[in-house]
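Report on the following structure.
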Amino acid sequence: MTMFSISASEAQKAFPSVIERSQQEIVSVTCRGRSIMLAMSPRVFQDYVDAQLALDAKNNGMLSVTETKVSLDRYRNGEQ
């Protein structure tokens, strides 16, 4: 998952574009070179959480990333 970084002063000047960009990826707002906040849409957040769950499952010898994605999609669609 990609992350776009922008300074707080630039984010303030271009807030509508920060919102637009956050619909596609995580936006890190920085102050003095340090991340002070993250902006992301609910869909981007859910994608991030799903990716983390899939990686954790794979690392613990459970389902593969692809199998976890299929399982999550079925769950979301009420197929389980």
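Computed from the coordinates by the stated procedures, all read-outs in this text should not be read as laboratory data. Nothing here was measured: the structure is a model prediction, and the numbers come from that model. Note that we place each Cβ from the backbone using ideal geometry, even for glycine, and neighbour counts take in every protein chain shown.
How many residues does the range 59-80 contain that are closer than 30 Å to residue 21 by Cα and either part of a helix (DSSP H, G or I) or under 16 Å from the mean Cα position of the chain (by Cα) (or both)? Counting residues in the range 59-80 that are closer than 30 Å to residue 21 by Cα and either part of a helix (DSSP H, G or I) or under 16 Å from the mean Cα position of the chain (by Cα) (or both) gives 12. Within the range 14-38, if we keep just the residues that are hydrophobic (A, V, I, L, M, F, W, C) and in a strand (DSSP E or B), the residue that is nearest to the chain's Cα centre (by Cα) turns out to be 26. Among the numbered conditions (1) under 16 Å from the mean Cα position of the chain (by Cα); (2) aliphatic (A, V, I, L, M); (3) surrounded by 14 or more Cβ atoms within 10 Å (Cβ to Cβ), the only one that residue 11 does not meet is (1). Of all residues in the range 1-37, those being closer than 26 Å to residue 68 by Cα and without any contact (Cβ under 8 Å) to a residue 24 or more places away in the chain number 3.
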